[in-house]
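The values are calculated or read from the model by the stated rules, or taken from the named source; none is laboratory data. These numbers come from a predicted model, not from an experiment. FYI the Cβ positions are ideal-geometry reconstructions off the backbone, even for glycines, and counts take in every protein chain you see.
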Amino acid sequence: MEQEQVWIQQALRGDKEAFTRLIEAYQTPVYNLAYRMLGNAQEAEDAAQEAFIRAYTRLRTYDPTRKFASWLLSIASHYCIDRLRRRRFNLISLEELPPWQGIASERPQPEERLIENQKRDAVQSLLATLPPHYRAPIILRYWYDFSYREIAEVMNLTESAIKSRLHRAREMLVRAASQADEDKMPTTIGAVQTARGGG
């Protein structure tokens, strides 16, 4: 959007307040991407903050002909993939960086939490079965509605490679969901027998 490009140009000239506005605009999608990739709220907050640090320090490499959201989520997804590989966090100095507030998810109201948590946990469990390089395109496609071309840009792959990964990832998710249903079946049968007084 036009205002976004103004903020980017201002940030390039050293305006930290302008970059803070970019953070405020994108902190929720970046956090949500990190959470779906990592499956842990604290790690997701760390990863989101790291993504913004990297975006700030690399802002001069941003190509204005490309969507800023794609560029930013690319940084976040690559960091999450690396983090999944090593599961450790390298601290980076925050000196001279914009004074942003902690990244946090928008949590549902108490009466909604149980249902939302159950849905989220079920989806997160399935996503966790995917290798990182298959998890990222699935999340970008179905949660962020990225086109094949945009995902290819984020992942530095061809569109055909992205289509292939999405196809394989969907197959893996179907198998994981089927396995999860099978694992639950004995418990369900046992619960029914107990309720009926059987053994």
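Some points to look at:
- Set side by side, the residues Arg165, Arg141 differ, and just one is surrounded by 14 or more Cβ atoms within 10 Å (Cβ to Cβ) and at pLDDT 90 or above, which is Arg165.
- Selection within the stretch 47-89 - among the acidic types (Asp, Glu) and either surrounded by 18 or more Cβ atoms within 10 Å (Cβ to Cβ) or within 17 Å of Leu12 (Cα to Cα) (or both): Glu50, Asp63
- Flag if Asn40 is at pLDDT below 90 and of a type outside the set (A, V, I, L, M): yes
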